[in-house]
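Heads up, the thing below is written out as structure tokens.
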Amino acid sequence: MTSSLKNRLELVGVKKTFEDTFAVSDVSLVLKETEFVSIIGPSGCGKSTLFNMISGLIVEDEGEIRIDGAPVKARKGLVSYMYQKDLLLSWLKIIDNVALPLRVKGVSKKAARAEVASLFETFGLEGFEHKYPHQLSGGMRQRAALMRTYVYSRDIMLLDEPFGGLDALTKAKMQDWLLGVNDELKASILFITHDIEEAIYLSDRIYLMSDRPSTIKEEILVELPRPRNRDMMVSETFTQLKKKLLHSF
């Protein structure tokens, strides 16, 4: 099904070293339009380094990164990037935290607020626009941070373990919420996680990274129908995928 979709993001033979240490070596991967793709690998294998190169924070040594088929190198602003911590500014109201990417681009406060106001219902934060971060729960803060990430670039989102710091129940709720909201937003998402069940539940495809020097050692198609639901997590397909991933490390 995904083969007919357009490639939004491509990494071709990407390499990066820091002094004498290979961070990533010959990494190639693809993210198609509206796809949800996860990356799993050992700690320190270079997953975040990949995101830093894609977002233009650091430059690859070799290989090529393409967005919509066009090569990019150290160009910022083409994708949005969310870390595990929400990084909301404590002195700004939630609506102004969300509108921050627009303010940085020179949009007036009034216009920026007006542009993001309609998203609060979609992201389940209607009525909390004028609260401060400390007045929100952990899950609500992550929703606000995801909204800000979406405002920055509505097409390609890089999410680096966004639910890693949440308790199990909140994490499960956030996973279901993200699936629902992305059915509406149709963003292309590249997602880093150490949680195998999370990767299977959320993803269309999963890339497995090796230990350093890191490369993609396997690509796994998640053949679960959408929309997803929790009952799928006890299905034979889910169990077999989980077993395959557990035996891959």
**OP:** Identify the residue in region 100-139 that is of a type in the set (Val, Ile, Thr) and within 22 Å of the chain's Cα centre (by Cα) and, among all such residues, is surrounded by the most Cβ atoms within 10 Å (Cβ to Cβ).
**Re:** Val116
Subject >> Residues of region 183-226 satisfying the condition of being over 21 Å from Val24 (Cβ atoms) and in a loop (DSSP other than H, G, I, E, B) >> reply: Lys186, Ala187, Asp195, Asp204, Val222, Glu223, Leu224, Pro225, Arg226
Original post:
Would you pick out the residues in region 39-80 that are of a type outside the set (D, E, K, R), touching a Lys or Arg at 6+ places or on another chain (Cβ under 8 Å), surrounded by 18 or more Cβ atoms within 10 Å (Cβ to Cβ) and within 21 Å of Ser210 (Cα to Cα)?
Top reply: Ile39, Gly41, Cys45, Gly46, Thr49, Met53, Ile65
**OP:** Would you check which residues across region 140-166 are more than 14 Å from the chain's Cα centre (by Cα) and modelled with pLDDT of 90 or more and list them?
**Re:** Met140, Arg141, Ala144
Original post:
If a residue has to be under 19 Å from Leu202 (Cα atoms), among the hydroxyl-bearing types (Ser, Thr, Tyr) and out of contact with any strand residue (DSSP E or B) (no Cβ under 8 Å at 6 or more places or on another chain) to count, how many in region 134-180 make the cut?
Top reply: 1
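The values are calculated or read from the model by the stated rules, or taken from the named source; none is laboratory data. As the structure is a computational prediction, the values presented were derived from the model and not from experiment. Glycine gets a Cβ as well: all are built from the backbone with ideal geometry, and neighbour counts include every protein chain shown.
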